[in-house]
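In what follows, a structure is listed as structure tokens, so that the remarks can point back to it.
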Amino acid sequence: MKTKSDWAPGPELRILAAERQSAGWVVTAEAPGSGCCPTCDRQSRCRHGWYVRHLQDLPVQGAAVSLNLKVGRWRCRDPRCHRRTFTACLPLIAEPFARRTRRVSDLARLLTHAAGGRPAERLMTRLGLPQSDDTLLRSLKRYAARRQEEAPVRVVGIDDWSWRKGTTYGTILVDLERREVLDVLADRSADATSQWLAGHPEIEIVSRDRAGLYADGARQGAPQARQVADRFHLLENLRKSIEQQMSRAPRQHEPFVASDGEPLLAAGVLNRRYDQPEVMEHRLLLAAGRRAADQGRFAHLKTLQAGGASRAAIVRETGLNWRTVAKWIRLDTLPERRTMVAKTTTPDRFRVYLARRWAEGSTMGRDLLAELRPRGYTGSLTNLQRFLNPWRRAQFLAIAGLPAPRPTAPRNEPPAVPPIAAAALCIKPRGQLTEEQATKVDMLKAASAEFASMRGLVMRFRGILKGANPGKLDRWLDDALGSRIHCMRQFAIKLRQDAAAVRNAITEIWSNGQVEGQINRLKTLKRAMYGRAGIVLLRARMLSLKQVSEHTV
Ligand SMILES: [Zn+2]
């Protein structure tokens, strides 16, 4: 049987009375007969007076319990202390000014952290501890704002997450050793990242994706740390490069020679370092490839339509969006890709002026931007350059003496393996391929020497990532740069710029796998809050609640 002291709402409290009233139990208790001065830390038994704190406590047999706690006010007897009187601080029972005992707040926080405001409100009411959802959320947010990392952080993983995909992003930082979220930042920037990292000079390793932004942030904020490029992101970048290469139309002439760049730069056709002939050729082939793929799909749709297939059947068969199908069914020829409505952010609004200036020989994007600004253009330089690109290409082809790319004849069948699938097959090791996939890989290798050599490079790269010998990376980079495959060369150039982090990815065991897991949790929480969550609440629910688990109810 429990004794009276065991039943007390906290250590050293003496119960004076317990009375059953209509709203529940009212328990009167008394705090210990001495207090400790918060200024000089001296114990005092010299009473100045009493006051009563009203606290909500854990329920008894489903009935609410309110605790009337008599707390002493004491005199400080130390003559050197400026404080004359003080009230006893009861950290184990309740926080200053709190309306609930600590064990109730801890329970409330635990439920709010796990379930969110409204569900926690319902649970708490059912448990005999009614509190509004606003109170619950406020208390959780306050807790998260005060929370400080007590243990040193040695290995940290950084990645971004989206508020709205493609529009706004935030940053998440995870302690990879303890498998815990360290912080959630509202934005994705090198400054915010470096500021956070600078607050933790003990960090030894920073694991991150391939975005240069976090690399910059880590270089500024944690120069002492070793950076590790995430292996999954490395392979993902490689896959994307291959997909792009596979989307290109086949070459109809000899590849452009890099030395062509000099006269073209002088003629003002190329005005940026990366407007190299090779890059220009890549863009041309990519655009021609996309157009050819669209034409193939269009022809396939027309064949199906002529065969009397229904709209739904065509959508199923081609995998095209139903809107596209509905539009294409009414057309005889494939339209050009839709251009944007001319707003002041769109250079197309100023087409007449730009065409005149272009004909007069003004081809520098930056100069044209300066001229457009007073005329009301509010878009970016990038947007303007994108608009000028087709003109630049035409001029480039004319000066280089090359024919304009001929439209590829429409094929009657869609390509056997679309680029996205070919890229996925290209990076998959043979052991993981199904029989059907293996046949496709062999077919692709036989059909294209480019695919075969890309697959060779990918498998070697996978081997290097798995092995512990970073020395092999240099030879791989040389081979990739020496290949005549544009996307592989671009990939290798970027890899070389980030060589130290890539080498660390080979030798270190750390990767961003668990960060991706935490991002999944974040997305679940964000969606469960129906888009009403702000960064403060989202952060509060992502951080762990370890202090609560230490407390016994
Ligand atoms: Zn004192």
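Conditions: (1) in contact (Cβ under 8 Å) with a residue 12 or more places away in the chain; (2) in the same structural domain as S162 (by TED's automatic domain parsing); (3) closer than 30 Å to Q244 by Cα. K526 meets all but one. Number of the miss? (3) is the only condition that K526 fails.
Scanning segment 53-63 for residues that are loosely packed, with under 12 Cβ neighbours inside 10 Å and of a type outside the set (G, A, S) yields a count of 2.
Per the listing L301, L354, the residue uniquely over 30 Å from P418 (Cβ atoms) and assigned to a helix (DSSP H, G or I) is L354.
Between L127, L173, the distinction of being modelled with pLDDT of 90 or more and aliphatic (A, V, I, L, M) belongs to L173 only. Anything in segment 26-49 that is over 16 Å from I15 (Cα atoms) and either away from the ligand (no atom under 16 Å from the Cβ) or aromatic (F, W, Y) (or both)? List them, or say none. Correct list: G49 only. Of all the listed residues (L90, L107), the sole one being of a type in the set (A, V, I, L, M, F, W, C), within 21 Å of W74 (Cβ to Cβ) and surrounded by 21 or more Cβ atoms within 10 Å (Cβ to Cβ) is L90. Of the numbered criteria (1) under 30 Å from E202 (Cβ atoms); (2) without any contact (Cβ under 8 Å) to a residue 12 or more places away in the chain, the one Y143 fails is (2).
For segment 64-80, taking the residues that are surrounded by 16 or more Cβ atoms within 10 Å (Cβ to Cβ) and within 16 Å of the ligand (Cβ to nearest atom), the one that is nearest to the chain's Cα centre (by Cα) is identified as G72. Remark: S139 falls outside the filter, which requires a residue to be among the hydroxyl-bearing types (S, T, Y), more than 16 Å from the ligand (Cβ to nearest atom) and closer than 21 Å to Q21 by Cβ.
Taken as a whole, the structure places G116 among residues that are under 42 Å from the mean Cα position of the chain (by Cα) and either within 16 Å of the ligand (Cβ to nearest atom) or at positive phi (or both). Annotation for segment 470-484: at least one member residue is surrounded by fewer than 19 Cβ atoms within 10 Å (Cβ to Cβ) and in contact (Cβ under 8 Å) with a residue 60 or more places away in the chain. For G10, the test of being over 20 Å from V104 (Cα atoms), at pLDDT below 90, of a type outside the set (A, V, I, L, M, F, W, C) and away from the ligand (no atom under 16 Å from the Cβ) is failed.
For (1) in a strand (DSSP E or B); (2) of a type in the set (G, A, S); (3) surrounded by 14 or more Cβ atoms within 10 Å (Cβ to Cβ), each residue gets a yes or a no:
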{"position": "V153", "(1), (2), (3)": "no, no, yes"}
{"position": "S162", "(1), (2), (3)": "yes, yes, yes"}
{"position": "L173", "(1), (2), (3)": "yes, no, yes"}
{"position": "D191", "(1), (2), (3)": "no, no, no"}
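For beta carbons closer than 6 Å, sequence separation of 6+ or different chains, a first residue in segment 37-63 that is in contact (Cβ under 8 Å) with a residue 12 or more places away in the chain and closer than 17 Å to F86 by Cβ and a second that is small (G, A, S) and within 16 Å of the ligand (Cβ to nearest atom), the qualifying pairs are S44/G35; R45/S34; R47/G72.
The values are calculated or read from the model by the stated rules, or taken from the named source; none is laboratory data. Note that the structure is a prediction, hence the values are computed from the model and not measured. For neighbour counting, all protein chains shown are included, and Cβ atoms are generated from backbone atoms with ideal geometry for every residue, glycine included.
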